[in-house]
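This report concerns only the one structure given below.
The values are calculated or read from the model by the stated rules, or taken from the named source; none is laboratory data. Please read all numbers here as calculations on a predicted model, not as lab measurements. With ideal geometry, Cβ positions are generated from the backbone for all residues, glycine too; neighbour counts draw on all protein chains shown. For the accessible areas, the whole protein counts, side chains as well, though only heavy atoms, and no ligand, DNA or RNA atoms are used. Shrake-Rupley method; radii C 1.70, N 1.55, O 1.52, S 1.80 Å.
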Amino acid sequence: RRAAEYPSPAAVLAEVIKAFGAPENAQRMEEARDNACNDMGKMLQFLLPVATQIQQDVIKAYGFSSDGEGVLKFARLIKSYESQDPEIASMSGKLKAMFLPPMTLPPHGAGTGGVAAS
């Protein structure tokens, strides 16, 4: 396919973000998030497949294959535009925040096996 056949990456990204906001998809993501219990391994197990499926449903209408490879190609395309287009960078961050847990650093000294003060 020639690039001219694709709509702008920003338009496709906006559609993907909108799809995550659809009630049935929001519900699916919420259930997956509950199952994952903020455990990174479980996030990958439960949340990522749901997020991937939601993206596939949208991007296949724009000529991307409806499998994991299509999602990866879409992600790479978006990544290549992030540095040139602040709107795409912003939307990409918003999308990631929908299915990646916020990365928080443990407070200094935590996680060293110490006992919490009561």
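One table, with the values for the structure above:
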quantity: Residue in region 92-105 that is at pLDDT 90 or above and open to solvent by 70 Å² or more (accessible area, probe 1.4 Å) present; calculated: yes
quantity: Test: residue in region 68-82 that is open to solvent by less than 50 Å² (accessible area, probe 1.4 Å), among the hydroxyl-bearing types (Ser, Thr, Tyr) and within 15 Å of residue 8 (Cα to Cα); calculated: no
quantity: Cβ pairs under 8 Å, 6+ apart, first in region 78-96 and outside any helix (DSSP H, G or I), second loosely packed, with under 13 Cβ neighbours inside 10 Å; calculated: none
quantity: Helices (runs of 4 or more DSSP H) wholly inside region 1-66 that include at least 2 residues being surrounded by 14 or more Cβ atoms within 10 Å (Cβ to Cβ) and small (Gly, Ala, Ser); calculated: 9-21, 23-36
quantity: Residue count, region 32-79 (criterion: acidic (Asp, Glu) and in contact with a helix residue (DSSP H, G or I) (Cβ under 8 Å, 6 or more places away or on another chain)); calculated: 2
